[in-house]
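S.K.: There's a structure below that I have some questions on.
Bear in mind that the values in this text are calculations on the coordinates, not laboratory data. Quantities reported herein were computed from a predicted structural model and do not represent experimental measurements. Ideal geometry is used to build each Cβ from the backbone, glycine not excepted, and the neighbour counts take in all protein chains shown.
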């Protein structure tokens, strides 16, 4: 005879014993269990208590970014001082943003941190070229704070949404410009979106500026 264990599988893959549906009734003395009134009366508290125990059983999962409710994921993001996460963003992206922020918190504002953030948002490779370096006194170039950010696309986001998120990650002293698919779409100097003029081809098109 094959016995199937009474257990539930957690998101982590581990098995956890399933609670007996009559967990409270089974704790009553035999004389009370045999009495119909007591069984029905205690069953009320058993049902109420069961919901509380279910919540307690899930306490480990509520802080797991992969399974926590979206509202809680965004709240956890605020714990690590990440930029507020827009609830309108795709749910999977919200989860990845919080995971990435926790992992790269010490890299925020650096070249490595910016590159990982761009790859997270775009879902593809990204390039960050900065003008930083070490020079002798008086030999610092004028564009030492210039940062060029390049991605192939903005992934699931519109250009405006993409820029809004990237802008929060740029150090205040840096002069950044963003290129998407080889096209210059944003510059921190003017803080405006660069878009093709009406009727112009997407490749090599003349650009106009639209304030954010």
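S.K.: Determine by what factor the alpha-carbon radius of gyration of segment 17-57 differs from 2.2 N^0.38 Å, reporting the quotient.
M.R.: 1.21
S.K.: Name the shape class, rounded, prolate or oblate, that the alpha-carbon gyration tensor gives for segment 70-130, where a ≥ b ≥ c are the square roots of its eigenvalues, rounded holds for a/c under 1.5, and otherwise prolate holds if a/b is larger than b/c and oblate otherwise.
M.R.: Note, shape of segment 70-130 comes out oblate.
S.K.: Same structure, new question: Rounded, prolate or oblate for segment 29-188? Axes are the square roots of the Cα gyration tensor eigenvalues, ordered a ≥ b ≥ c, and the cut-off for rounded is a/c under 1.5.
M.R.: prolate
S.K.: Pop the C-beta distance of residue 32 and residue 67 into the FRET formula with R0 = 25 Å and round what comes out to the nearest 0.05.
M.R.: Between residue 32 and residue 67 the formula returns 0.05.
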